[in-house]
Every structure is written in structure tokens, then in C-alpha cells.
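Colleague: Below is a structure I'd like to ask you about.
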Amino acid sequence: MKITFSTAELPSTGAIAVTAFDARQLSDSAKRLDKLTGGALGRAVAGGRFKGGRGEILELLAPGGLDNGRVMVVGLGKREALDALGAQAVGGALVARLANSGEQAVTLLLDPLSAENISDADFAAHIGYAGLLRSYRFDKYFTKKTADEKPSLAKLTVASAAAAAARKAFAPLEKIAEGVFLTRDLVSEPANVIYPASLAEQCRKLTAQGVKVEVLGEAEMHKLGMGALLGVGQGSVRESKLVIMQWRGGKAKDAPVAFVGKGVTFDTGGISIKPAGGMEEMKWDMGGAGAVIGLMKALAGRKAKVNAVGVVGLVENMPDGAAQRPGDVVTTMSGQTVEVLNTDAEGRLVLADALWYTQGRFQPKFMVNLATLTGAIIVGLGHEYAGLFSNNDELAERLASAGLATGEKLWRMPLGEAYDKMINSDIADMQNIGADRSAGSITAAQFLQRFVNNVPWAHLDIAGTAWTKRDQATVPKGGTGYGVRLLDRLVAAYYE
Ligand code: BES
Ligand code: MN
Ligand code: ZN
């Protein structure tokens, strides 16, 4: 969808949208339209349940006095509460409402807001950003849809006196959205299309934006001693890959920040096989890697002034004559050994080697890893928050506040020695699951912590947030792109 900003007024075609604050307070533009429509707008507002709450929408079809097909009144909520997320709720709701309406364009007339917490330009920019994010579709595999069955809305114009500044504020947001879209595309693609080698090829495309991309195959990983990652992929006919992406927008001598992703392109569970029902969802078990790739695109796209490294471990977890067995002992790149009691606890094995490699090669300021790691985090937090585990309070607090600012929320979970002991093994340095299911997300995090070598580190368990079954303000159902906005914000707020 095309997003534009203008100072021009009433459009002669397409839908017009105007705003109202809470308690049915019409904006000046809304009052003007009320006059132009001979009072129709005011009567519609007075006669219904529309109150002007954040994201509420009232729709008037073909009101007299105008050539436009429809007028929308969108609620902004309370003036004191206006902020970026509020703007996003409004922009997302407006675009969602009109997406399949038959309208091709909408112009939102945004009057001066006098808001305490956000400028008119930023408010306008975030409306455009949200409209863009919500307009995302993954529809490439539909071959039979008629024009009438496809979305009609193709353009959102935000008309504001602050248009020039809004356009400027929108430019980096558009780049972030491009990163989010890449993540959503990668997560939505089925596993016959996205497998380690093809996902690595997608990473390579980032070279066009100035990202340095290296791809390691199995022979190279074998030399490095990555027995844990390789063990997971050994039952697949698809070769495992490790991709290293570098964006160097900061000072030459500055240590980079590092992001590491679990990229299990399909997780059958391996020999500890998963039940058939719902297994198709495991195509998005590369959501952590997808987020890291989208983040690198966003950072490069907006030319972030930071040195950033993205490392993704790409494997397919399959049952096969060559697959690893429950009880196998593997040696990780760190030298530590792991008894693989359950081949379905594979993400931590992939990350163990990816994390160790990342800290050893780059000595980063911090490492943040993202992974659809445990079903247990969904039991604990549902789909509202991702789980946050960290060995560093400052990093954890920065992440949590980036989460609040972007709406990609995090809830911190504990780590500790008592949990750590739960993964000690009888025959190796550790086992890849606890003795029972208790504290399943925490024991997974403890496992990862054994591979970070005391570098400031956070693990984000995104099993509940990488995919959504219901539409949200800026996220249509499907792959969410969770993590891109969050980590872009972390970088922008604290490391640029
Ligand atoms: N990829 C899954 C976790 C998952 C489950 C993500 C549901 C999204 C939705 C992970 O590899 C896994 O299978 N974890 C096991 C761990 C268990 C064997 C200790 C789990 O959560 O059941
Ligand atoms: Mn698994
Ligand atoms: Zn998995």
C-alpha cells in the first residue's frame, strides 16, 4: 500500500476520514464535513454508539453534499493519552476497515492535536506506519481470486499541516516495515520453499543493502565442532547452514551488538516425533531467524549508526535413518557435551553452537537471541508477551521498555542455580530437557545460558508471539514479524 502525506485538503475522490476525540468531540475537519453534508455526520454520531474511543470507527455511505463515496469518523480516544501506539491503533483500524470495502484510496484529515506526548508530525507518521503494517498480505499462492475478492484499498494519504515533517519521520519507519514484511514473508512460506539453503539465499539478498553475508555449510561447521547444531540436521536431506550477517554503520572500532536466531525451517520433533494435529505450524519454527533477518534489513535500510551482527542457525528437524536418537551424546563447539534425551528439544541445541560462535568471533556488547523455543512459554504467557530471560539487568530493562514502546511486549522470567541443576545429566555435562515438564521454558533458557560465556545476553522465547490467529492493530493474522520493531527500537534508543 502506498502511504503519502499532504497538506492538501478535501479530496474529490475516494474515502474521506476525519477524527473525533473521546466523548464525541468532533475535530474542526469533522465539523466542516458535518456542514458540507447538511448535518448528516453529526446526526450519525449522535444517533449511534460511536463515542470517539481510540480506534473506533463510524462509517457514512454516500452522504449528500459530497462526491465522495464515504466518510469515516475515526476515534482518537482521550487527548492526554495520545502517543505513537495510539496513532498506530487508529491507522491500523482505518486501513483494516476499508481494505475490502471497494474504496481504492482514503485521505485522513488530521487537525492539529495539541497532544502532550507526541508531535503532530510523529502522530501522522505513525498512522501511516500502522496503515502500511496492517495492509500486509501473504497471498502469492492464491491463483483463482477475482478482483472483487482481493483487497481494494491501495492508498492512504494523511493530510496534515505538519506533512513535510511527517514525511521525514515516516522514512525510517517505512524501512522498519520493510524488515517486518520480510520476516512475515519468510515465516509464512511453507517448508518446501523455505529450507536452510533457500533461507540462506534470502539472507544473501541483503548484500544489495550493504550487509555482509557469509554462509557456512556442514563441512565448515563440522570443522568448527558444532556437533549440537549438526546433530539436529542430520536426519534431513537438506543441508544445515549457519548464516552470519554484518551491518557496519557504527564506528570502526566499536564492538557490535549481536542478534542470534533459531532457524528450524521445519520441526517434526525428529525421532521424538510430534503428534500430527497442528504439526503444519512448525513451518514457523524459524521465526527467531526470520526476525533477525528482518531486523538486519531494517537496520541496513534506515542506515542505522550501529555495528550489528545477525547470526542464524538453519536446520530442518526430521526423523530418518540418519536422524539422531534419544540418548545420543553430542559435543558442542564450546567443548561441553549434551545428552539428547528428547530430539524435539532441538532449538536449544542449534542455539548452543550459534551463541558460542557469535560470542567467540565477535566479542559483542551483548547478544540477544530469539527463538520459538518452548510450548511452555505459551502456557505461561499466552500470546500477549514473549518470555524474556537475561543474565544482565540493564539489558533486560532496556528490552522491556523497548517492548512497551513498540507494543512487542516482554515479560521477564527468572533464571537461577536451582533451575540450572535441573539439566545436569548422568552421563554428560548436561541433558537437553529437565527431568519432568516443570519450568520448561526456564530450563531451556538455563541451557542456553551455558553457552553465552558470561557475555551480557538475553533470550526471547517467541513461541507465543511469532504467529497470530487473530488480527491485531498493526498485524494481520499470520506471521507477525515479532522482534523486528522491538530490537530496532532497542538499537535506536540505546546503541546509536
Ligand atoms: N518448536 C518447539 C516449540 C514450540 C511449540 C513452538 C509450540 C511453537 C509452538 C520446540 O522445538 C519444542 O518442540 N519444544 C518442546 C520442548 C520439550 C520437548 C522439552 C516443547 O515445548 O514441547
Ligand atoms: Mn521441537
Ligand atoms: Zn522447535
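The values are calculated or read from the model by the stated rules, or taken from the named source; none is laboratory data. Small disclaimer: the values here were computed from a predicted structure and weren't measured. FYI the Cβ positions are ideal-geometry reconstructions off the backbone, even for glycines, and counts take in every protein chain you see. Quick note on the areas: whole protein, heavy atoms, side chains included, nothing else; ligands and nucleic acids left out. Shrake-Rupley method; radii C 1.70, N 1.55, O 1.52, S 1.80 Å.
Colleague: Go through 176-185, 359-368 and give me the packing order, highest mean Cβ count within 10 Å leading. Present the calculation step by step, with values, prior to reporting the outcome.
Modeller: Numbers: 176-185: 24.3, 359-368: 19.2.
My ranking of the peptides, most packed first, is 176-185, 359-368.
Colleague: Kirkwood hydrodynamic radius, computed over distinct alpha-carbon pairs, for the range 18-135: how many Å, to one decimal? Write down the numbers at each step before the final one.
Modeller: On the way: mean 1/r = 0.0704 Å⁻¹.
After inverting the pairwise mean of 1/r, the radius is 14.2 Å.
Colleague: Additional query: Rounded to the nearest 20 Debye, what is the dipole magnitude of the range 305-448 about its Cα centre when Lys and Arg each give +1 and Asp and Glu each give -1 at the C-beta?
Modeller: 500 debye
Colleague: Just to be sure I follow: if Rg is taken over the C-alpha atoms of the range 1-76 and Rh is the Kirkwood radius over the same atoms, what is Rg/Rh?
Modeller: With Rh from the inverse mean 1/r over Cα pairs, Rg/Rh is 0.95.
Colleague: Using only C-alpha positions, report the orientation-averaged shadow area of the convex hull of the range 261-328, nm², one decimal. It would help to have the intermediate numbers written out before the result.
Modeller: On the way: hull surface 23.9 nm².
It is 6.0 nm².
Colleague: Ignoring everything but the protein chains, give the 1.4 Å probe accessible area of residue 295 in square angstrom, nearest 10.
Modeller: Number for this one is 0 Å².
Colleague: Between the range 306-332 and the range 178-243, what is the separation of their alpha carbon centroids in Å?
Modeller: 11 Å
Colleague: Here's something else I'd like to know. In the range 389-496, if the dipole is taken from +1 on Lys/Arg beta carbons and -1 on Asp/Glu beta carbons about the Cα centre, which of 467, 432, 493 is farthest to the positive end?
Modeller: Highest projection toward the positive end goes to 467.
Colleague: Students often check this: by mean Cβ neighbours within 10 Å, which of 145-151, 132-138, 217-223, 54-60 ranks highest, and how do the rest follow?
Modeller: Numbers: 145-151: 9.6, 132-138: 21.3, 217-223: 13.7, 54-60: 18.9.
The most tightly packed comes first, giving 132-138, 54-60, 217-223, 145-151.
Colleague: If you count only protein heavy atoms with a 1.4 Å probe, what accessible area per residue comes out for the chain, rounded to a whole Å²?
Modeller: On the way: 19920 Å² over 496 residues.
Per residue, the chain has 40 Å² of solvent-accessible surface.
Colleague: Another question, if that's okay. What are the semi-axes of the equivalent ellipsoid for the range 114-174, taken as the square roots of 5 times the Cα gyration tensor eigenvalues, largest first, in whole Å?
Modeller: Numbers: eigenvalues 194, 25, 17 Å².
One finds semi-axes of 31, 11, 9 Å for the range 114-174.
Colleague: Tell me the relative contact order for the range 370-492 as a rounded percent, counting alpha carbon contacts under 8 Å between residues six or more apart. Could the numbers behind the result be given before it?
Modeller: Values: 194 pairs, mean separation 47.1, N = 123.
It rounds to 38 percent for the range 370-492.
Colleague: With every protein chain in place, what's the accessible area of residue 383 (1.4 Å probe, Å², nearest 10)?
Modeller: 110 Å²
Colleague: What fraction of the Cα pairs in the chain, stated in percent, has a spacing above 44 angstrom? Walk me through the intermediate numbers first.
Modeller: Numbers: 25042 of 122760 pairs.
Result: 20 percent of Cα pairs exceed 44 Å.
Colleague: Picking from 84, 380, 197, whose Cα lies most toward the positive end of the charge dipole for the chain (charges on Cβ: Lys, Arg +1; Asp, Glu -1)?
Modeller: Checking the options against the dipole of the chain, the answer is 84.
Colleague: Could you please state how large a percent of the accessible area of the chain is carbon and sulfur, counting protein chains only and using a 1.4 Å probe?
Modeller: Numbers: 10130 of 19920 Å².
Reported share for carbon and sulfur atoms: 51 percent.
Colleague: Residue 432: net charge of surrounding residues, Cβ under 12 Å, Lys/Arg +1, Asp/Glu -1, itself excluded? Numbers along the way, then the final one.
Modeller: Values: positive: 348, 450; negative: 328, 339, 344, 346, 429.
Residues close to residue 432 contribute a combined charge of -3.
Colleague: List the GluC sites (Glu not before Pro) within the range 374-469 that fall in a DSSP loop (any state other than H, G, I, E or B) and whose Cβ has at most 10 other Cβ atoms within 10 Å.
Modeller: Numbers: sites: 384, 394, 397, 408, 417; in loops: 384, 408.
Passing both the DSSP loop test and the Cβ count: 384.
Colleague: Further question on the same structure: Tally Lys/Arg at +1 and Asp/Glu at -1 over every other residue whose Cβ is under 12 Å from the Cβ of residue 131; what's the total? Present the calculation step by step, with values, prior to reporting the outcome.
Modeller: On the way: positive: 2, 97, 134, 155; negative: 174.
Residues close to residue 131 contribute a combined charge of +3.
Colleague: In sequence order, what are the phi-derived ³J(HN,Hα) couplings for the range 359-365 according to the Karplus relation 6.51 cos²θ - 1.76 cosθ + 1.60 with θ = phi - 60°, rounded to whole Hz, with x for glycine and proline?
Modeller: 5, x, 7, 10, 6, x, 4
Colleague: From Cα pairs below 8 angstrom and at least 6 apart in sequence, can you work out the relative contact order of the chain, rounded to a whole percent? Could you put the intermediate results ahead of the total?
Modeller: Numbers: 1225 pairs, mean separation 72.9, N = 496.
Dividing the mean separation by the residue count of the chain yields 15 percent.
Colleague: My understanding is that a pair violates if its Cα-Cα distance is over 28 Å; which of 31/409; 31/155; 31/175; 205/409; 155/409; 155/477 do that in this structure?
Modeller: Details: 31/409 38 Å; 31/155 24 Å; 31/175 36 Å; 205/409 30 Å; 155/409 30 Å; 155/477 21 Å.
Table pairs above 28 Å Cα-Cα are 31/409; 31/175; 205/409; 155/409.
Colleague: For residue 17, which sequence-distant residues (separation of 5 or more, or a different chain) have an amide H within less than 5 Å of its own amide H, given hydrogens modelled in the peptide plane?
Modeller: Those qualifying (amide H under 5 Å, at least 5 residues apart or on another chain) are 72, 107, 108, 109.
Colleague: Tally Lys/Arg at +1 and Asp/Glu at -1 over every other residue whose Cβ is under 13 Å from the Cβ of residue 204; what's the total? Working shown, then result.
Modeller: On the way: positive: 205, 212, 241, 297; negative: 201, 214.
Every neighbour counted, the sum reads +2.
Colleague: Ok, one more. Have a look at 44, 457, 415 and report the one farthest towards the positive end of the charge dipole of the chain, computed about the Cα centre with Cβ charges (Lys/Arg +1, Asp/Glu -1).
Modeller: 44
Colleague: Charges only on Cβ, +1 for Lys and Arg, -1 for Asp and Glu: so what's the dipole of the chain about the Cα centre, in debye to the nearest 20?
Modeller: Working: 55 positive and 52 negative charges, 300 e Å.
Value, rounded to 20: 1440 debye.
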